[in-house]
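In what follows, a single structure is set out as structure tokens and then discussed.
The values are calculated or read from the model by the stated rules, or taken from the named source; none is laboratory data. This one's a predicted model, so the numbers in the text were calculated from it and none came from an experiment. Don't worry about glycine lacking a Cβ; one is built from the backbone with ideal geometry, like all the others, and counts go over all protein chains shown.
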Amino acid sequence: MDMQQKWDNHYRQQSCSYPEPALVLQQNRHLLPKQGHAVDIASGLGANALLLAEHGLQTQAWDISHEALNKLEQEAQRRQLSVTVLQRDVSLQPPAENRFDVIVVSHFLDRQICPALASALKPGGLIFYQTYCRDKVDDSGPQNPDFLLTENELLTLFAGLNLRVYREESLLGDRSQGWRNRAMLVAQKS
């Protein structure tokens with residue numbers, strides 16, 4: 001089974017409740033520009049894309065799953081929001097240089113395309129990134145270490161950008177509290 005079939009099956013079986021946008025985007029929405037071009041990479045059902053469109057940005061949602069994008073189109077119409085969907089394997093076709101004012105990535109990790117993501121930002125553009133770490137307090141998220149960040153890795157993947165927000169609690173302190181299992185970053189291109 002190829003990746004598209006895998007994710008189409010996943011979204012075909014998923015319930016109708018719509019997910020919340022990534023916490024990195026929810027908590028830092030105030031950093032978004034008032035206008036511009038945005039893309040939600042590996043968007044899935046597009047909760048991030050919907051938030052970006054609601055904010056007034058010209059928004060695209062890219063995902064490998066035709067099934068997820070169909071559901072996103074229906075939800076965008078229901079909410080009367082404009083989101084352009086594009087079925088695309090971002091690992092094979094990353095965005096072009098200087099294309100976007102905002103890029104959002106959540107719960108997707110392909111280290112090879114991180115330089116392309118950084119260069120796809122226009123000057124002053126922001127990337128909002130959130131995904132799972134290897135140091136987790138439970139089994140949430142992927143189990144394959146290839147899809148999990150090592151400690152502070154997100155900082156190194158986007159080291160050429162200006163750091164605006166970073167959070168990674170790892171296994172520090174009281175593990176029953178806080179925001180665990182993931183790292184988040186907001187960074188800006190000079």
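Name the strands (runs of 3 or more DSSP E) wholly inside segment 1-120 in which the number of residues that are in contact with a Gly (Cβ under 8 Å, 6 or more places away or on another chain) is 3 or more.
58-63, 100-106
Is there a residue being under 14 Å from the mean Cα position of the chain (by Cα), closer than 26 Å to residue 166 by Cα, at pLDDT below 95 and of a type outside the set (Lys, Arg) anywhere in segment 46-54?
Going residue by residue through segment 46-54, those that are under 14 Å from the mean Cα position of the chain (by Cα) are 46-52.
Checking the rest, the ones that are also closer than 26 Å to residue 166 by Cα come to 46-52.
From what is left, the residues that are at pLDDT below 95 are none.
No, that holds for no residue.
Would you confirm whether or not segment 149-161 contains a residue that is surrounded by fewer than 14 Cβ atoms within 10 Å (Cβ to Cβ), acidic (Asp, Glu) and on the phi < 0 side of the Ramachandran plot? Before you say what the answer is, go through the steps one by one.
Of the residues in segment 149-161, the ones surrounded by fewer than 14 Cβ atoms within 10 Å (Cβ to Cβ) are 150-152, 156, 159-160.
Keeping just the survivors that are acidic (Asp, Glu) gives 151.
Still in the running and on the phi < 0 side of the Ramachandran plot: 151.
Within segment 149-161, one or more residues are surrounded by fewer than 14 Cβ atoms within 10 Å (Cβ to Cβ), acidic (Asp, Glu) and on the phi < 0 side of the Ramachandran plot.
For segment 123-140: of the residues being without any contact (Cβ under 8 Å) to a residue 60 or more places away in the chain and under 14 Å from the mean Cα position of the chain (by Cα), which is nearest to residue 185 (Cα to Cα)?
This residue is 131.
What residue, among those in segment 93-107 that are surrounded by fewer than 19 Cβ atoms within 10 Å (Cβ to Cβ) and touching a strand residue (DSSP E or B) at 6+ places or on another chain (Cβ under 8 Å), is nearest to residue 153 (Cα to Cα)? Quick ask: steps written out before the conclusion?
Step one: filter segment 93-107 for residues surrounded by fewer than 19 Cβ atoms within 10 Å (Cβ to Cβ), giving 93, 96-99, 107.
If we keep only those that are touching a strand residue (DSSP E or B) at 6+ places or on another chain (Cβ under 8 Å) as well, we get 98-99, 107.
Values: 98: 24, 99: 25, 107: 15 Å.
Within segment 93-107, the match that is nearest to residue 153 (Cα to Cα) is 107.
Can you pull out every residue in segment 35-90 that is out of contact with any helix residue (DSSP H, G or I) (no Cβ under 9 Å at 6 or more places or on another chain) and among the charged types (D, E, K, R)?
73, 78, 88
Please go through segment 51-99 and pick out each residue that is touching a Lys or Arg at 6+ places or on another chain (Cβ under 9 Å) and closer than 17 Å to residue 35 by Cβ.
The answer is 51, 53, 54, 55, 56, 57, 98, 99.
Conditions: (1) of a type in the set (Val, Ile, Thr); (2) within 27 Å of residue 179 (Cβ to Cβ); (3) touching a residue at least 60 places away in the same chain (Cβ under 8 Å). Residue 59 meets all but one. Number of the miss?
(3)
Can you tell me which residues in segment 168-190 are within 20 Å of residue 139 (Cα to Cα) and not in a loop (DSSP other than H, G, I, E, B)?
So in segment 168-190, the residues within 20 Å of residue 139 (Cα to Cα) come out as 168-184.
Within segment 168-190, 168, 182, 183, 184 meet the criteria.
Would you confirm whether any residue within segment 149-167 is touching a Lys or Arg at 6+ places or on another chain (Cβ under 9 Å), of a type outside the set (Gly, Ala, Ser) and in a helix (DSSP H, G or I)?
Yes, the conditions are met somewhere in segment 149-167.
Being closer than 17 Å to residue 134 by Cα and basic (Lys, Arg) is the filter; apply it to segment 173-190 and report the residue that is modelled with the lowest pLDDT.
Looking at residues that are closer than 17 Å to residue 134 by Cα and basic (Lys, Arg), I get 175.
In segment 1-44, which residues are basic (Lys, Arg) and either more than 18 Å from residue 59 (Cα to Cα) or crowded, with 19+ Cβ neighbours inside 10 Å (or both)? Quick ask: steps written out before the conclusion?
The initial filter retains those residues of segment 1-44 that are basic (Lys, Arg), namely 6, 12, 29, 34.
Answer for segment 1-44, where residues must be basic (Lys, Arg) and either more than 18 Å from residue 59 (Cα to Cα) or crowded, with 19+ Cβ neighbours inside 10 Å (or both): 6, 12.
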